[in-house]
Amino acid sequence: MASSTARAFVVGIDGSDSARAAVAWAAREARERRAPLRLVHAYVWPLLHLPRGFRMGPSGGLHAHTERLLEEARRAAWEAAPGVDVDARALVRFPLPMLVEESRDASCVVVGSSRTGPVSMVGSVALGLIAHAYSPVAIVCGIAPDRSHPRVVVGVDGSPSSCAAMRLGVDLAARRHGTVVAVHVARAGPARARAAASGVRWIEEALAGWRRCHPTLPIEERIMSGRPADVLAGLSDQAAAVVVGTRGYGVLAGLLHRSVSHGLVRHARCPVLVVPEKAATELPVPGSP
């Protein structure tokens, strides 16, 4: 049974394989936290978001199609996390404003990331959530995450946004009895050695507080060079999740709008969690983990 004070995990569903993967991931996360799971489907008329070639049955109609979609999502949630508290609803609204509104009281908003196809929720909906959501956003690809790798990769650069990402990454790893890998991407070129040395100092200082509060949680730090999205995507093969913020310093500045949407989200082999600017203010930072 869900806790009466726990905020819900909200999943935007559209009937796609990636949305079902998002439901399964969110269902497991919700059950681990004794939180409710809220499945929401937005639709408008005409149904422009449906796959090409889709036909409504003569006796089915919009209501029957929507009920089937909701019921399939409920079953996917219960199969992934038996006993999870599930609520499913459909609203006549556009997806982005509906999910932004749902994020106001959510623990996390979760969407699927289809690599191809007309029902992909990567694009404008995911980017819009990253920009405007009031809670963390999880983007789950259709690839089933390998839960035998309880490693959580966090992109860090010393900014408040990356500190909030670190807080979320620590929570994820602690629940999985896993490891946090804090990654700082230094600029390539002659200045890399100096940047790396400076990066090591502030990362060690920043992580000291987390290590004191979580003495049994392994926390590693890595200084790497390259394009941030490529570096983080390359580490995703052996990760349960990659976590980043939306407002950074140095090479992480502007990461989400350019690289993550077309790089990290497209190529990551695990869920990508993003802490929007509005959500970062509600997550504790080092000094108060």
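The set of residues in region 121-147 being surrounded by fewer than 21 Cβ atoms within 10 Å (Cβ to Cβ), assigned to a loop (DSSP other than H, G, I, E, B) and at pLDDT below 80 consists of 122, 142, 143, 144, 145, 146, 147.
The number of residues in region 186-224 being under 26 Å from the mean Cα position of the chain (by Cα), under 19 Å from residue 158 (Cβ atoms) and at pLDDT 85 or above comes to 12.
Number of residues in region 176-185 that are modelled with pLDDT under 90 and of a type in the set (A, V, I, L, M, F, W, C) equals 1. In region 1-120, counting only strands (runs of 3 or more DSSP E) that sit wholly within it, the ones holding 1 or more residues that are of a type in the set (Asp, Glu) and at pLDDT 95 or above span 86-91. Scan region 233-276 for residues that are farther than 14 Å from residue 153 by Cα, surrounded by fewer than 20 Cβ atoms within 10 Å (Cβ to Cβ) and at pLDDT 55 or above and the total you get is 4.
The values are calculated or read from the model by the stated rules, or taken from the named source; none is laboratory data. Please read all numbers here as calculations on a predicted model, not as lab measurements. Glycine also receives a Cβ, built like all others from the backbone with ideal geometry; neighbour counts cover every protein chain displayed.
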